[in-house]
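Peer 1: I have a structure here, written as structure tokens, and I will follow up with some questions on it.
The values are calculated or read from the model by the stated rules, or taken from the named source; none is laboratory data. Remember, predicted model here, so these are calculated numbers, not experimental data. Here the Cβ positions follow ideal geometry from the backbone for every residue, glycine too, while neighbour counts run over all protein chains shown.
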Amino acid sequence: MKKNDKNYVDLKTQPIPEGQHLLEVDDLKMYFHTEDGVVHAVDGVSYTLDRGETLGVVGESGSGKSVTHMTIMGLIPMPPGKIEGGSVKYRGHSLLDMSEEEMQHVRGNDIAMIFQDPMTSLNPVYKIGKQVGEGLRLHRGYSKQEALKRATELLDLVGIPQPEKRVNEYPHQFSGGMRQRVMIAMALACDPDILIADEPTTALDVTIQAQIIELMQEMQQKNGNAIVMITHDLGVVADMADKIMVMYAGRPVEFGTADEIFYESRHPYTWGLIRSIPEQAVDEKKPLTPIHGNPPSLVNLPAGCPFAPRCPYAQDICHTERPVHHTRPSGHYSACHFADDDEFVKKNAPDTSRSRGKIATGTPDTLDSTSKGGEA
Amino acid sequence: MGKYILKRVLQFIPVFFGVTLILFLLQNVVPGDPIKMIAGDKVLDPAVELQMRVSYDLVQVDENGDPILDENGDPVPVPLPERYVNYIVDLFHGDLGRSYQRKLPVTDIFADKFPYTARLAVCAIILEAIMGIGAGIISAIKRYSFWDILVTLVTSIMVSLPAFWLGMLLQLFFGVYLHVLPLSGAGGGVASAYPEWMYYILPAFTLASVSMAYSARIMRSQLLDVMNQDYIRTARAKGLSNRSVIVHHALKNALIPVVTYIGVDFGSMLSGAILTETVFNWPGIGYEIYRAITQRDWPIVMGGVTIIIVVVMVINLLVDISYGFLDPRIRFGAPKDKS
């Protein structure tokens, strides 16, 4: 067991160095070197995260949301993957420079991850209790009995009825929502600093989605951990994220607080995402506004802005020059050539006064009710 | 589970009657009269021949045990359905009949031969399990390495080599050229130059060769498949080492199909490997049945096949039950991943 290793230091107990954040990702680049060419899967991702915070990572399928975080966790097989630059610092320690063995201490213990499909993410041949307690045995040196006892408590904590009985059952005896609760219990077993949730609700019924998100928030309030919420649904992060990073073609195109992204977005791709949130409650007859076209191949990226071919506002410069991050004093950045052009933004940005809040939970906030009243 | 076993046992019944019936009909279609073959090249005296047919219950007799003759003076054969019923009735009394050639009860012959086949099958299956699964695991873990390529190459060769030819090559190499292993037979003789266990090496390897190669390939592909499953990623995300992930999470899942294959294979090995036993002059049931077929010694063929049916069905049942121990989804009779 790792606990017995005398060189082992639990990074969680170490202070965050002065002036640094819990997790600092800076210009992270990870490319896959395949026979078809170099896939620019993660191409300059930067963000910071503190304890108790929730970061929403939003983008279409293939935008690099998951791969970025698999890279941070060291779960990408290398080769074919290769780190091409940047850094990831957790409590001041560079994760990219750690050995595989050191990373094993971090995984599950300091940074835990839950995945999209709870139906296939649990091992079918082992009892739930064993799977939930496995991390505790590994990172904390618990005995079998201790781990099982703690696993039972954890199941209770995540709202699984009759935990003493269910702990001895197998995954196939659980429903999808219950399995995702098990996954959360498993991820939180060692009190990680950071919980990375990779589309945790995508495979679940809509009614269960809200429950799972609530559970994650509840656990966050109890434990004070940070959450990275990866999703393709802007609605899911709308009322839980403190910060949002919008990704496109392996790059973050906009990053800011949730309010900045929803109300002061300065990137046409984010506008497109906001416009495509269903607004049934507001006007049932209004059609959804899709973003036309498909994301570019990550092997042959267009020379300029990767979104330019789909962007209704694209100018010549967009096709030739890659936009830099236009950062505002608050730290809100947008990778658009016209992000600083207030007139352009004002003219084209969606009327977001009513875009936020029609989320899975369905709780209307004040803003929504006013705007609804205004329209009717 | 009990209900499941009962259901499977009941399924034995039609299979059993079907196979024995087909075989019984076949023996009347295949050319060559068994009684005439007892005499070999010699011409049998009609009276003796008639007596033999009586003693094997092939012709109808009156209450005194004398053969009933028709108007031409020929014996009247027992009708086929009656003979089949007689056979089945005797079978349930533990009587498989008497060999035409050896004049011995078939049960005695197989009681004598079966242990040789069983011992050889056990040796072969152990060899197959250890080497097949081992090679498959190495090949999957060290994918595209030298070892993987070696395993792929060797298994391709083994799959395509006929067992009898491989057996003869091994005999030639180890027996004739190197003089390190006995050529054939099962040992136990007085003047044997080798300890008895050495007699098992070549036949066991020959018997296991093809299925060893297959089980290595199944193991490799299963393990590679399982390693791509989401729950393996979950295990890695927990911080388990690569070794733990493979040993604790991947192997048990990957083994399920391999165990099936090896189990079913064991059933077929227990029913005698005609080619291997013939090449190595092995006194098992496969060789015995082969010899009986060439001599039209039907009681031995029938008896042997009956034993094989029972053995194969019992082994298959055991394999099915063993799934339950490996896969809880089967143990609890739940549908696979209902969502």
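Peer 1: Considering only helices (runs of 4 or more DSSP H) fully contained in region B:123-236, which possess at least 3 residues that are among the small types (Gly, Ala, Ser)?
Peer 2: B:133-141, B:198-227
Peer 1: Another question, if that's okay. Condition first: surrounded by fewer than 24 Cβ atoms within 10 Å (Cβ to Cβ), under 16 Å from B:Ala204 (Cβ atoms) and touching a helix residue (DSSP H, G or I) at 6+ places or on another chain (Cβ under 6 Å). Now tell me which residues in region B:280-299 satisfy that.
Peer 2: B:Pro283, B:Tyr287
Peer 1: For region A:10-30, state whether one or more residues are polar (S, T, N, Q), touching an Asp or Glu at 6+ places or on another chain (Cβ under 8 Å) and away from every other protein chain (no Cβ under 14 Å).
Peer 2: Within region A:10-30, none of the residues are polar (S, T, N, Q), touching an Asp or Glu at 6+ places or on another chain (Cβ under 8 Å) and away from every other protein chain (no Cβ under 14 Å).
Peer 1: Please find, within region B:144-153, the residue that is nearest to the chain's Cα centre (by Cα) out of those that are modelled with pLDDT of 90 or more and of a type outside the set (Val, Ile, Thr).
Peer 2: Checked region B:144-153; the qualifying residue nearest to the chain's Cα centre (by Cα) is B:Leu153.
Peer 1: Please go through region A:189-200 and give me each residue that is assigned to a loop (DSSP other than H, G, I, E, B) and within 11 Å of chain B (Cβ to nearest Cβ), ordered by number.
Peer 2: Of everything in region A:189-200, those that are assigned to a loop (DSSP other than H, G, I, E, B) and within 11 Å of chain B (Cβ to nearest Cβ) turn out to be A:Ala189, A:Cys190, A:Pro192.
Peer 1: Among the listed residues A:Ile274, A:Ile227, which satisfies the condition of being β-branched (Val, Ile, Thr) and more than 30 Å from A:Leu155 (Cβ to Cβ)?
Peer 2: One residue alone meets the criteria, A:Ile274.
Let's see how each residue does on (1) under 27 Å from B:Phe164 (Cβ atoms); (2) of a type in the set (A, V, I, L, M):
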{"site": "B:Arg243", "(1), (2)": "no, no"}
{"site": "B:Glu277", "(1), (2)": "yes, no"}
{"site": "B:Ile285", "(1), (2)": "yes, yes"}
{"site": "B:Ile293", "(1), (2)": "yes, yes"}
{"site": "B:Ile307", "(1), (2)": "yes, yes"}
{"site": "B:Asp320", "(1), (2)": "no, no"}
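Peer 1: Checking A:Ile114 against (1) more than 21 Å from A:Asn223 (Cα to Cα); (2) within 14 Å of chain B (Cβ to nearest Cβ); (3) not acidic (Asp, Glu): exactly one of these is not met. Which one?
Peer 2: If we test A:Ile114 against (1) more than 21 Å from A:Asn223 (Cα to Cα); (2) within 14 Å of chain B (Cβ to nearest Cβ); (3) not acidic (Asp, Glu), just (1) comes out false.
Peer 1: Scan region B:237-253 for residues that are at the interface with chain A (Cβ under 7 Å from one of its Cβ atoms) and either not small (Gly, Ala, Ser) or not in a helix (DSSP H, G or I) (or both) and jot them down.
Peer 2: B:Lys238, B:Gly239, B:Leu240, B:Ser241, B:His249, B:Lys252, B:Asn253
Peer 1: Follow-up question, since we're still on this one. If we scan region A:61-69, do we find a residue that is basic (Lys, Arg), more than 30 Å from B:Leu255 (Cβ to Cβ), touching a Ser or Thr at 6+ places or on another chain (Cβ under 9 Å) and more than 14 Å from chain B (Cβ to nearest Cβ)?
Peer 2: Checked against the condition, which is being basic (Lys, Arg), more than 30 Å from B:Leu255 (Cβ to Cβ), touching a Ser or Thr at 6+ places or on another chain (Cβ under 9 Å) and more than 14 Å from chain B (Cβ to nearest Cβ), region A:61-69 yields at least one hit.
Peer 1: What number of residues in region A:95-142 are touching a strand residue (DSSP E or B) at 6+ places or on another chain (Cβ under 6 Å) and among the polar types (S, T, N, Q)?
Peer 2: Number satisfying all stated conditions: 1.
Peer 1: Within region A:81-93, how many residues turn out to be in contact with a Gly (Cβ under 9 Å, 6 or more places away or on another chain) and without any contact (Cβ under 8 Å) to a residue 60 or more places away in the chain?
Peer 2: Qualifying residue count, region A:81-93: 1.
Peer 1: Checking the conditions here, which among A:Gly62, A:Gly44 is under 22 Å from A:Cys305 (Cα atoms), in contact with a Pro (Cβ under 7 Å, 6 or more places away or on another chain) and in contact (Cβ under 8 Å) with a residue 40 or more places away in the chain?
Peer 2: Every option except A:Gly62 fails the conditions.
Peer 1: Checking A:Arg181 against (1) away from every other protein chain (no Cβ under 13 Å); (2) at pLDDT 90 or above; (3) under 27 Å from A:Val67 (Cα atoms): exactly one of these is not met. Which one?
Peer 2: (2)
Peer 1: May I ask you to say which residue of A:Leu148, A:Leu122 is within 8 Å of chain B (Cβ to nearest Cβ) and either surrounded by fewer than 18 Cβ atoms within 10 Å (Cβ to Cβ) or more than 30 Å from A:Lys89 (Cβ to Cβ) (or both)?
Peer 2: The unique qualifying residue is A:Leu122.
Peer 1: Here is a further query. Given the criteria modelled with pLDDT under 90, touching a helix residue (DSSP H, G or I) at 6+ places or on another chain (Cβ under 6 Å), assigned to a helix (DSSP H, G or I) and crowded, with 20+ Cβ neighbours inside 10 Å, does B:Val311 qualify?
Peer 2: Spelling it out, B:Val311 is indeed modelled with pLDDT under 90, touching a helix residue (DSSP H, G or I) at 6+ places or on another chain (Cβ under 6 Å), assigned to a helix (DSSP H, G or I) and crowded, with 20+ Cβ neighbours inside 10 Å.
Peer 1: On the given criteria, is B:Ile141 more than 28 Å from B:Gly304 (Cβ to Cβ), among the aliphatic types (A, V, I, L, M) and modelled with pLDDT under 90?
Peer 2: Criteria met by B:Ile141.
Peer 1: Which one of these is in a helix (DSSP H, G or I), hydrophobic (A, V, I, L, M, F, W, C), within 12 Å of another protein chain (Cβ to nearest Cβ) and buried (at least 23 other Cβ atoms within 10 Å of the Cβ): A:Met186, A:Met216?
Peer 2: After ruling out the rest, the residue left standing is A:Met186.
Peer 1: Can A:Glu24 be described as charged (D, E, K, R) and not in a loop (DSSP other than H, G, I, E, B)?
Peer 2: yes
Peer 1: Moving on to the next point. Restricting to region A:125-145, and then to whatever is of a type outside the set (D, E, K, R) and without any contact (Cβ under 8 Å) to a residue 40 or more places away in the chain, can you tell me which residue is surrounded by the most Cβ atoms within 10 Å (Cβ to Cβ)?
Peer 2: Taking the candidates together, the pick is A:Gly129.
Peer 1: Test of understanding: among B:Ser271, B:Ser241, which residue is modelled with pLDDT under 90 and over 30 Å from A:Ala185 (Cα atoms)?
Peer 2: B:Ser271
Peer 1: Moving on. Report yes if A:Thr54 is within 14 Å of another protein chain (Cβ to nearest Cβ) and crowded, with 21+ Cβ neighbours inside 10 Å, otherwise no.
Peer 2: no
Peer 1: Inspect region B:224-236 for any residue being touching a strand residue (DSSP E or B) at 6+ places or on another chain (Cβ under 8 Å), without any contact (Cβ under 8 Å) to a residue 12 or more places away in the chain and among the basic types (Lys, Arg) and give the result as yes or no.
Peer 2: Yes; the residues of region B:224-236 include at least one that is touching a strand residue (DSSP E or B) at 6+ places or on another chain (Cβ under 8 Å), without any contact (Cβ under 8 Å) to a residue 12 or more places away in the chain and among the basic types (Lys, Arg).
Conditions tested, residue by residue: (1) closer than 14 Å to A:Glu264 by Cβ; (2) surrounded by 14 or more Cβ atoms within 10 Å (Cβ to Cβ); (3) aliphatic (A, V, I, L, M); (4) under 27 Å from the mean Cα position of the chain (by Cα).
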| site | (1), (2), (3), (4) |
| --- | --- |
| A:Leu298 | no, yes, yes, yes |
| A:Ala303 | no, no, yes, no |
| A:Asp316 | no, no, no, no |
| A:Gly331 | yes, no, no, yes |
| A:Lys346 | yes, no, no, no |
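Peer 1: May I pose another question? Taking region B:91-138, which residues are modelled with pLDDT under 85 and of a type in the set (Asp, Glu)?
Peer 2: Of everything in region B:91-138, just one residue is modelled with pLDDT under 85 and of a type in the set (Asp, Glu), namely B:Asp95.
Peer 1: Quick check: anything in region B:36-59 modelled with pLDDT of 80 or more and closer than 28 Å to B:Met313 by Cβ?
Peer 2: Checked region B:36-59: no residue is modelled with pLDDT of 80 or more and closer than 28 Å to B:Met313 by Cβ.
Peer 1: Mind checking which residues of region B:254-288 are touching an Asp or Glu at 6+ places or on another chain (Cβ under 9 Å) and within 14 Å of chain A (Cβ to nearest Cβ)?
Peer 2: B:Ala254, B:Ile256
Peer 1: Just checking, which of A:Met103, A:Met78, A:Met73 is of a type in the set (A, V, I, L, M, F, W, C), over 19 Å from A:Pro17 (Cβ atoms) and free of Cβ contacts under 8 Å to residues at least 12 places away in the same chain?
Peer 2: Answer to the selection: A:Met78.
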